[in-house]
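S.K.: Just dropping this structure here.
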Amino acid sequence: MALIVNGIEAPPPADPRVSLADYLRDHRHLTGTKIGCNQGACGACTVLVDGTRMLSCLMLAVQADGRSVTTIEGLGTPEALHPLQAAFVEHDGLQCGYCTPGQICSAVAMVEELRRGMPSHVTGDVGETTIAPTREELRERMSGNLCRCGAHNGIIAAIEDAFGLETAA
Ligand code: FES
Ligand code: FES
């Protein structure tokens, strides 16, 4: 078996106790994925597993066996930024940048969740299949990604811009 990491097959670690976050950083040398709390509270380690946002510090690498893992390195490169990466630069969505890879991975999957009509805690009618991407929805859906620099307003502005979301305050 193997994991597919950013489109490339990679063997799982021999030690089944290795977290996905440690595997990506230490075994695959993909240090874009950051570890903040290492206990599921900050979102810095967010990556996409089969397109779903996951906290890689809370997942074992062997649990991703046979699945497709996308890290920030797989979304864009310095030469060819993902539109959301470009929007983060444009809207000052980062200061120290430590939380940024997790914010971007999280937002990519979050917008898909929104478009698929998955309700959040603040969705008024959970039976609705079309959910308006209000600021309240975006803030709630990104609330698992903390930014200690306080760049949250720029982060929301970048998400709105990159995905063409018409939001109201
Ligand atoms: S490092 Fe995984 S949630 Fe904080
Ligand atoms: S930019 Fe510094 S933690 Fe978010």
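S.K.: List the trypsin sites (Lys or Arg not before Pro) within the stretch 73-169 that DSSP assigns to loop and that have no more than 11 neighbouring Cβ atoms inside 10 Å.
M.R.: Arg116
S.K.: Return the loop-located trypsin sites (Lys or Arg not before Pro) in the stretch 14-67 (DSSP other than H, G, I, E, B) with at most 13 other Cβ atoms within 10 Å of their own Cβ; answer none if there are none.
M.R.: Arg17
S.K.: Another question, then. By how many nm would the segment from Cys96 to His29 lengthen if fully extended, with 0.36 nm per residue of separation less the alpha-carbon distance?
M.R.: 22.0 nm
S.K.: Same structure again: Under unit Cβ charges (Lys, Arg +1; Asp, Glu -1), what dipole magnitude, rounded to 20 debye, does the stretch 1-90 have relative to its Cα centre?
M.R.: So the dipole magnitude of the stretch 1-90 works out to roughly 200 debye.
S.K.: Output the relative contact order of the stretch 95-140, whole-number percent, from Cα pairs under 8 angstrom with separation of 6+ residues.
M.R.: 30 percent
S.K.: In addition: Farthest toward the dipole's positive end in the chain, which of Pro16, Ser56, Thr100, given Cβ charges of +1 (Lys, Arg) and -1 (Asp, Glu) about the Cα centre?
M.R.: It is Pro16.
S.K.: Still on this model: In nanometres, what is the gap between the two model label sites at Ala132 and Glu79, each 7 Å from Cα along Cα-to-Cβ?
M.R.: Once both label points are built, they end up 4.4 nm from each other.
S.K.: Sticking to Cα atoms, compute the Rg of the chain to one decimal and its Dmax as the biggest Cα-Cα distance, whole number, in Å.
M.R.: Values for the chain (Cα only, Rg and Dmax): 15.9, 50 Å.
S.K.: Let me ask something else. Just to verify a number: FRET efficiency for Val122 and Ala14, C-beta to C-beta distance, R0 = 45 Å, to 0.05?
M.R.: According to the calculation, E is roughly 0.55.
S.K.: Where in the chain lies the longest segment free of GluC sites (Glu not before Pro) that are both loop residues by DSSP (not H, G, I, E, B) and have at most 11 other Cβ atoms within 10 Å?
M.R.: Within the chain, the longest run free of exposed GluC sites (Glu not before Pro) spans 1-78.
S.K.: Oh, and also: Which angle between 0 and 90 degrees, to the nearest 10, do you get for helix 152-162 versus the longest principal axis of the chain when only C-alpha atoms count?
M.R.: The angle comes out at about 90 degrees.
S.K.: Just need the relative contact order of the chain here, percent rounded to a whole number, with Cα pairs under 8 Å and 6+ apart.
M.R.: Result for the chain is 23 percent.
S.K.: Same structure again: Mind putting a number on the dipole of the chain about its Cα centre? Charges go on the C-beta only, +1 for Lys and Arg and -1 for Asp and Glu, and I need it in Debye to the nearest 20.
M.R.: 420 debye
S.K.: Residue by residue through the stretch 42-52, what is 3J(HN,Hα) from phi via Karplus (6.51 cos²θ - 1.76 cosθ + 1.60, θ = phi - 60°)? Round to whole Hz and write x for glycine and proline.
M.R.: These are the phi-based 3J(HN,Hα) values: 10, x, 4, 8, 4, 10, 9, 10, 6, x, 9 Hz.
S.K.: Within the stretch 1-34, list the residues whose amide N lies under 14 Å from a label point set 7 Å along Cα→Cβ of Glu112.
M.R.: 6-7
S.K.: Follow-up question, since we're still on this one. Between Ala86 and Ser143, what is the label-point separation in nm under the 7 Å Cα-to-beta-carbon projection?
M.R.: It is 3.3 nm.
S.K.: Which net charge results for the neighbourhood of Glu113, defined as the other residues with beta-carbon distances under 12 angstrom from its beta-carbon, given Lys and Arg at +1 and Asp and Glu at -1?
M.R.: Neighbourhood net charge equals +1.
S.K.: Defining a contact as two alpha carbons under 8 Å apart and six or more residues distant in sequence, what relative contact order in percent does the stretch 38-126 show?
M.R.: Result for the stretch 38-126 is 33 percent.
A short reminder: the numbers here are calculations on the coordinates, not readings from a lab. Model, not experiment: these values are computed from the prediction. Counting neighbours? That spans all protein chains shown, and the Cβs are built from the backbone with ideal geometry, glycine included.
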